[in-house]
């Protein structure tokens, strides 16, 4: 059951049970992806059950995203060093243990810590899946195999809110929101056992190093921005909160200088200097960060708006957001068929669809009279999902278009990391806008107008973010014809 063993003619013998191994990779990936959407549906139940503050609820989302973002690049390198199957299976184990701790958490502080561990496990798994698939499949089968990752992501997006709502509504053994995490235990154990049997062992290259200093500085710079944004409102915006924000600037500068030092020494770099000086790449990843910053924060406040503000059950809330997920799924399938054509045009169209959908949603929400009907929110949410599915693939393609082959792996991981960093920032910003306005207005009843005003206030951020993305795409250097052909 060996894999990629070199024959005398220089070709590779590919793993004979590769499709079973692929199924194991997809199951673990599905478990990781679905956890994000399930948590959004559960936030109001979780807040009530643990007596959490609004900032602590933000941390439940942001802590996972931050750990995942910071871990993607180094754990990708660790897989190269120690063997991809080994790191993948360890990641599944860490994610499963963290899910258990989340499900049994006696306090919100324990839950947040467990969510950090979940993010670490997810970051260990994710970079290995594509790398393993790349090795176990021959070139003529890779396109079909990789397409399954997109299908899995789409299914996770669509089914996540429904599964989360069903589990919470069922109130299994009186556990309320806890089964949304505990359900990962049997899935994770199965993935580990099946992975040991069907995923081939892969030798690592211990000469590949890891930039520990870069990891620490990147984590510090991100934390110095996100922590003040989330906690500032709770502590009354004292001067030290603004001091932390300012400190993020020298921390980011130190990170850049450290990467230059590593490059001069020929040592490992978390984000290679060749990429940081690639104007096209950096423009692309900054645009992707802005675009993705508006998504997780929106669904966090939208779940609170529907459930706490208007009394919808978690299942009703999940059903309300299904049109968005369905739109993403449909548009992603269509976008995959288009390939690399019309990248900037698709980003512009997708961003404008999201821009218009958010404005439409603001208009509908402002006209609510104490009740909310899911059917009235269906059109803007569907259009938003179609917009996201239209823009995502060309966003990544455009960012990577002018990256040399030698930096392709680091660049791909870098785009994903920046995407997650943008998500963490968006959670902090939209949470601040929503909960600050809610605190100012006060809540007098379950369908309080304060929730309407707060969502209207918070949705201003995605309107701006998607609008700026639509404009920014025209300033990013288009893909060269030679790169298109390649």
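Read the figures in this text as sums done on the coordinates, not as results from a lab. Keep in mind it's a predicted model, so treat the numbers as computed, not measured. Ideal geometry is used to build each Cβ from the backbone, glycine not excepted, and the neighbour counts take in all protein chains shown.
Measuring from centroid to centroid over Cα atoms, what is the spacing of region 347-382 and region 123-143 in Å?
Region 347-382 and region 123-143 have Cα centres spaced 38 Å from each other.
What does the helix-only formula give at 222 nm for the chain: each DSSP H stretch with n ≥ 4 adding -39500 (n - 2.57), the total divided by the residues, and the result rounded to the nearest 500 deg cm²/dmol? Walk me through the intermediate numbers first.
On the way: 19 runs with 380 residues, N = 486.
It comes out at -27000 deg cm²/dmol, rounded to the nearest 500.
So if R0 is 35 Å, what FRET efficiency would residue 245 and residue 344 give, r being the distance between their Cβ atoms, rounded to the nearest 0.05? Kindly include the intermediate steps, with their values, before the conclusion.
Numbers: r = 33 Å, r/R0 = 0.95.
The value I calculate is 0.60.
At what distance in nm do the modelled label points of residue 313 and residue 196 sit from each other, each positioned 7 Å from its Cα along Cα→Cβ?
So the label points at residue 313 and residue 196 sit 4.0 nm apart.
How high is the relative contact order of the chain, in percent, counting Cα pairs under 8 Å that sit 6 or more residues apart? Intermediate values should be presented prior to the final figure.
On the way: 821 pairs, mean separation 102.1, N = 486.
Value for the chain: 21 percent.
So for 25, 101, fewest C-beta neighbours within 10 Å to most, what's the order? Don't jump to the answer; show the numbers that get you there.
Numbers: 25 26, 101 17.
Starting with the residue having the fewest Cβ neighbours, the order is 101, 25.
Expressed as a whole number of Å, what is the distance separating the alpha-carbon centroids of region 168-228 and region 61-96?
So the two Cα centres are separated by 6 Å.
Which whole number in µm²/s is D for region 281-355 by Stokes-Einstein, with the Kirkwood Rh taken over Cα pairs at 25 °C and 0.890 mPa s?
Details: Rh = 14.5 Å.
D, rounded to a whole number, is 169 µm²/s.
Evaluate Rg over Rh across region 151-191, taking Cα atoms for both radii and Kirkwood's formula for Rh. Display every interim value, and only then the final one.
Working: Rg = 11.3 Å, Rh = 11.0 Å.
That ratio is 1.02, to two decimals.
Any idea what angle helix 279-292 forms with the longest principal axis of the chain, computed on alpha-carbon atoms, 0 to 90 degrees, nearest 10?
For 279-292 against the chain, the angle is about 40 degrees.
Between residue 19 and residue 464, 0.36 nm times their residue separation minus their Cα-Cα distance comes to what? Please list the in-between numbers first.
Numbers: separation 445, 0.36 × 445 = 160.20 nm, distance 4.35 nm.
So the chain would gain 155.8 nm between residue 19 and residue 464.
Which of rounded, prolate or oblate describes region 131-281 when judged by the alpha-carbon gyration tensor and an a/c cut-off of 1.5? Spell out each step's value before the answer.
Numbers: a/c = 2.35, a/b = 1.15, b/c = 2.04.
Cα axes put region 131-281 in the oblate bin.
For the chain, how big is Rg over Rh, using alpha carbon atoms and the Kirkwood form of Rh? Could the numbers behind the result be given before it?
On the way: Rg = 22.1 Å, Rh = 23.1 Å.
Value, to two decimals: 0.96.
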